[in-house]
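Just so it is clear, none of the values below were taken in a lab; they were calculated from the coordinates. Bear in mind that the values here come from a model prediction, so they are computed numbers and not experimental data. Note that we place each Cβ from the backbone using ideal geometry, even for glycine, and neighbour counts take in every protein chain shown.
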Amino acid sequence: MRLMASIRSKHLYFAAALLILGTAGSALAGNLPSGRVKLAQNLPASTAPVPSMPVAADAKVSAIGNTTHLTFAMSEKVDVQAFVLANPDRVIVDLPEINFQTDPANGKATALPKGTLVHAFRFGLFAPGKSRIVIDLGGPAKILKAAVEEGAGDAPPRLAIDLAPTDKASFRQAAAAALKASLPPTEANAPPKPVESEKPVVVLDPGHGGPDGGANGVDGAVEKTIVFDFAEMLKHKLEASGRYKVVMTRDRDVFVPLNERVKIARDSGAKLFVSIHADTVSDAGNVTGATVYTVSDRASDREAERVAEQENAADAAAGVQTTEDQVGVNDILFDLTRRETRTFSHVFSRTLVNYLEATARMNKNPERSAGFVVLKAPDVPSVLLELGYLSNDRDVKCLTSPDWRDKTTDKVAAAIDTFFAPKAAAQPERNAVAAGVGRD
């Protein structure tokens, strides 16, 4: 409520702007929206102020006649681009980077009025400097309006997204045109050039991010937040050991496409890739425990197939249409490399399960495999760790506990140490041979 009171007055924003320029009194600082940057005390006059970020709040869905309205109260006017995508049917709204001050739960289907074209919506940071709203449609729709309008009187500006029904053929045609316009130019698939590092490179991949929140669970648990906190703690522990160079696929709440995560691993010269997730099942709250997945052409069981389909849909959840890269699948050397990589992936999977069993609740079948897109780097041993089930009260209590996170990241770090131990032991011998030591 305090936020909305602050953005309803244009005069207050004018005063806040003066504060940022250093000409207003500090008494106004308490009225700034929580997402705005506050100045440090005694800022030198020559220091350029950090621009404040536009704020969006108070999201509402309503319908008048056949038209469905989705609106956000805005702190200022911004440019808007909107288009439709099919399979699944969505409206995509792109904006400059926005500080969303509205509860993501307000966009769930269960929280919205029935009988509108907006089945659900989500939002978040899509890329540096770019936010995205993804609207899941209840039927084929056309965009009547997508713009930020000036408010009447003292009301704040308003992002207005107006949708109307359309026929399936027209919707598919509009979606195809939008997809064609969004595809990047075709480029030759050059092999990656890994960055050389004296230490083994470990890539940690906290799943989801930005408008793709991943799984939602009991007590408001959100997958993207839980797995990021886990990955960040694991990163600090691995770096503190001094043994590894650690790369994160995302270092904040931002969307990263699945194929881009794989590219980050390959371009970094990764020797191990660990993707971190949390699962949920709507009809079995008693399902519990951690599971470690590796990639395979055929799923090990129906549950593994379900999880892979769910995780592979991450790009679609953020409004991205992608096609899987199949380059090299018929190459003999490629196939040999892939087989060796999968063997190492299975070795680490077994090692990780052994360590986790000492501290974490494990699923009854803790090692599985399926066709996960994010695990398909042919030359990087890769696993996907599902920490537990957000649909299970006990698992959520563990996954959100700092003590559990500390103990479990210790075990994952120990598993990584064990995986690299034979390689580390062999390194002095390789160095000696390279230097000519021990020759006759």
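I want to check the label-to-label distance for ALA105 and THR343. Put each point 7 Å from Cα in the C-beta direction and report it in nm to one decimal.
5.1
Which links in LYS60/LYS145; LYS376/LYS407; LYS130/LYS224; LYS245/LYS271; LYS235/LYS376 stretch past 20 Å when you go from one Cα to the other?
Values: LYS60/LYS145 16 Å; LYS376/LYS407 29 Å; LYS130/LYS224 18 Å; LYS245/LYS271 10 Å; LYS235/LYS376 22 Å.
Too far apart for the 20 Å limit: LYS376/LYS407; LYS235/LYS376.
Per 0.36 nm of contour for each residue apart, how much would the distance between ASP251 and VAL218 grow if the chain were fully extended, relative to their Cα-Cα spacing?
Going from the current span to full extension adds 9.3 nm.
Considering amide H positions built from the backbone, and no H for Pro or chain starts, which residues 5 or more places from SER131, or on another chain, come under 5 Å of its amide H?
LEU95, GLU97, ILE98, PHE126
If I stretch the segment between ALA316 and GLN173 completely, what's the gain in nm (0.36 nm per residue apart, minus their alpha carbon distance), one decimal? Walk me through the numbers on the way to the answer.
On the way: separation 143, 0.36 × 143 = 51.48 nm, distance 1.86 nm.
Residue separation times 0.36 nm, minus the Cα-Cα distance, leaves 49.6 nm.
Return the long-range amide H neighbours of GLU149 (sequence gap of 5 or more, or a different chain), with a cut-off of under 5 Å between placed amide H atoms.
Residues meeting the criterion, in which the H sits 1.01 Å from N, are ARG158, LEU159, ALA160.
If the cut-off is a Cα-Cα distance under 20 Å, which aspartates and glutamates reach LYS142, setting aside same-chain residues fewer than 8 apart in sequence?
ASP79, ASP89, ASP94, ASP162, ASP167
Report ³J(HN,Hα) in whole Hz for each residue of region 116-130, in order, from the Karplus equation J = 6.51 cos²θ - 1.76 cosθ + 1.60 where θ = phi - 60°; Gly and Pro get x.
For region 116-130, the Karplus-derived couplings read 9, 7, 8, 6, 6, 8, 8, 7, x, 7, 8, 7, x, x, 9 Hz, x marking Gly and Pro.
How much length is gained on full extension from LYS263 to ARG306, taking 0.36 nm per residue of separation minus their Cα-Cα distance?
Working: separation 43, 0.36 × 43 = 15.48 nm, distance 2.45 nm.
Contour length minus the Cα-Cα distance gives 13.0 nm.
Label point 7 Å out from ARG298 along Cα-to-Cβ: which residues of region 365-382 have amide N under 18 Å?
Correct set: 368-372.
Taking 41 Å as R0, compute the FRET efficiency from the Cβ-Cβ separation of SER241 and ILE64 and round it to 0.05.
Plugging the Cβ-Cβ distance into 1/(1 + (r/R0)^6) gives 0.10.
Go through region 365-382 residue by residue and turn each phi into a ³J(HN,Hα) via Karplus (6.51, -1.76, 1.60, θ = phi - 60°); whole Hz please, and just put x for glycine and proline.
10, x, 10, 9, 8, 6, x, 6, 4, 6, 9, 8, 4, x, 10, 10, x, 9
Report the label-to-label distance for LYS77 and GLU232 in nanometres (one decimal), using points 7 Å from each Cα along the Cα→Cβ vector.
Label at LYS77, label at GLU232, 3.7 nm between them.
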